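Student: Take this structure first; my questions come after.
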Amino acid sequence: MRRLRLPGSDNEHGDGAGISRRSLLGASASGAAALLLAGCGLGGDDEGSGSGNGGGNGNGGGSGGGSGDDESARPPAPPSGALGANFNEDPSDMTFAQLRGISAGWLRGFIPMREDGTSDPARQEAVATLLKAREEGYGTILSLKFPYQHKALPEAGSSAMDAELARVDKVLDAALGTMDILVIGNEPFLETRRADRGGPAINAFYEHLAEHVIAYRKKHFGARCRTRLYMGALNRLDDPARRTAPTRRWMEFVGKTREIEGVDIHPHVTSLDASQKYLDYVLPHLRDDQKFLATEFSLVLNWGRHMRDKIPAAFASKYDVAPGTRVWQLLKEAAENPFPQEKWDAFLAASPWFHRNRHYLRDQMRKFRDTGKLAVATYGVVQADAMVRDIGPDKTPWMLNSVYASRTVEEGEDGSPGLNKAWYEDFRALQRKRDRLPVRTGETAT
C-alpha cells in the first residue's frame, strides 16, 4: 500500500509528522491474530467483538465485513458508542492494513488552517486519507485546527476573518457531504493565546466560524447532508481553573444551536476519576438529541508522573539493564534500538503504574458508553516520529498510548509491527457488529 506523508507538524501532543524509519505493515495472521480474545463481552451490548472488519489480521482482505451477511443491508444510523482510530495530523505511519488489524470502523484526523494553506485541501494527506477511508467504508471525522497561540484571534468582519473563512470554505468544498463528522475546532483553549481564551474573544471567533459552516452547509446541501457538525474540543476540564466563563459559554452555544450535534472532549488525564469530571461538566449542557465525541483520550498524564521512576530490579536483572535506570532512559533506549516484543511486554508488565491500568481502554470506553451519549471515541493508532525524538524525563510519553508500538518494538519476522498488547487486545474486543464496515450514518437535518 502507498505510504502517506504529511510534511511538518505543530501538534502539541508530539504525534505529528516525521519520516518513518521502517515499513509499517498490518499485524499478520501469524502475529496479531494469535492475540485475538475469544468471546469477549466488552462491547457494551450483545454485539460481538473484533472479528468484524475484513477478517482478524492486518493483512486481511477488503474493507467489507467478514461476517457473511449483507452488511450493506443494515439501515443507516447516527453514530452511537463507536470506538475508532485516530492519526491526528499525520497519517504517514499508518496503513489501512493496521486498521483492519484492529477491526476499526472509524478514522479521525485533523487539518491545521494555516495562512499559507493555498493548496487544495483534498490533496493534503490528512484529508486525502480520510476521503480514501470514506471510499473504503470507514466512518470519518475531520477536525479543523486554528493555530492562534502567537497572534490575536481575528474579529468578525475583519480582513483577517474573511481570509480565515476563505480557507475554511476550501475544506468545506472537500469535506461536506463526504465526511461523516466535521469538528469545528481541535483544541481551541490550548491553541489560542491566553489573553483570548480567558475572555469572550475565543467564543466570538468560534461561534462566528460555526455560524459560517452552518450557513454554508445549508446553502450547498439544502435540507439534509451526510456531514454532522460538532464543536471541539475541550481540554483539562478535570482542573477547576479550566472551567471558566468561556468554557461555560462554549457549552451554552452548543446546547442552544440546533445544527450542532454535540461537543468533542480530549480527556488526557491521570485517572478514570479525572475523566469523569469531563463528563460531569459537559453532559448537563447537552440536549436530549445531542452526543459527545472523545477524539483523543488517554492516561498519558499518569505515565508522565513515572518517567523518573527506577526500572524494577527483576526486569533490569533479567534483561541486563543497568541498575538505577529510569523509565525515560529505557524508553529512549527502545526508541533508538527497538526491543523484541517479549522484552517490551515484560517492561510494561513489571511497571506497576502501567500494569494496573492495562485495561484503561476497556474501562474508559465502558464509562463513555454507559452515559448513552457517546457518538464516537477515537484512540491513537501508531507511534509517530515526534513521539520518540528528544526523549527526556519531562517529555510527555505519548508513545505509551499507541495501539501499535511501531517505533519501540522490533518488527516480527513476517514484517508485522510491534504491539502494545493491552491496547491491541481491548481495542479489538470493544468493536461491535453495528460499527463494522461499511459504516453508514445516513443524513442529518441542516
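The values are calculated or read from the model by the stated rules, or taken from the named source; none is laboratory data. This structure is a prediction, so every number in the text was calculated from the model and none was measured. Backbone-built Cβ (ideal geometry, glycine too); neighbour counts: all protein chains shown.
Student: Please work out which residue is farthest from the chain's Cα centre (by Cα), limiting yourself to the stretch 125-180 and to residues that are among the polar types (S, T, N, Q) and surrounded by 20 or more Cβ atoms within 10 Å (Cβ to Cβ).
Tutor: Thr129
Student: Residue by residue through the stretch 286-300, note down the ones that are in contact with a Ser or Thr (Cβ under 8 Å, 6 or more places away or on another chain), of a type outside the set (Ser, Thr, Tyr), under 30 Å from Ala77 (Cβ atoms) and not in a strand (DSSP E or B).
Tutor: Glu296, Phe297, listed by residue number.
Student: What are the pairs with Cβ atoms under 7 angstrom where one residue, in the stretch 96-117, is among the polar types (S, T, N, Q) and the other, located anywhere, is buried (at least 24 other Cβ atoms within 10 Å of the Cβ) and part of a strand (DSSP E or B)? Sequence gap at least six, or different chains.
Tutor: Close Cβ pairs satisfying both conditions: Gln98/Val382; Gln98/Tyr404.
Student: I'm checking my understanding of the structure. Among residues of the stretch 391-446 that are of a type in the set (Ser, Thr, Tyr) and in a loop (DSSP other than H, G, I, E, B), which one is surrounded by the fewest Cβ atoms within 10 Å (Cβ to Cβ)?
Tutor: Thr396
Student: For Ala349, all conditions in the list (1) modelled with pLDDT under 95; (2) within 18 Å of Asp309 (Cβ to Cβ) hold save one; what is the number of the exception?
Tutor: (1)
Student: Does Trp303 qualify as being more than 30 Å from Ile181 (Cα to Cα), within 20 Å of the chain's Cα centre (by Cα) and part of a helix (DSSP H, G or I)?
Tutor: When the stated conditions are applied, Trp303 passes them.
Student: If you don't mind, another one. Among the residues of the stretch 263-285, what is the count of those that are closer than 18 Å to Lys145 by Cβ and outside any loop (DSSP other than H, G, I, E, B)?
Tutor: Final tally of qualifying residues: 4.
Student: So for the stretch 306-321 (the condition being surrounded by 17 or more Cβ atoms within 10 Å (Cβ to Cβ) and either under 24 Å from Thr446 (Cα atoms) or in contact (Cβ under 8 Å) with a residue 60 or more places away in the chain (or both)), does at least one residue qualify?
Tutor: yes
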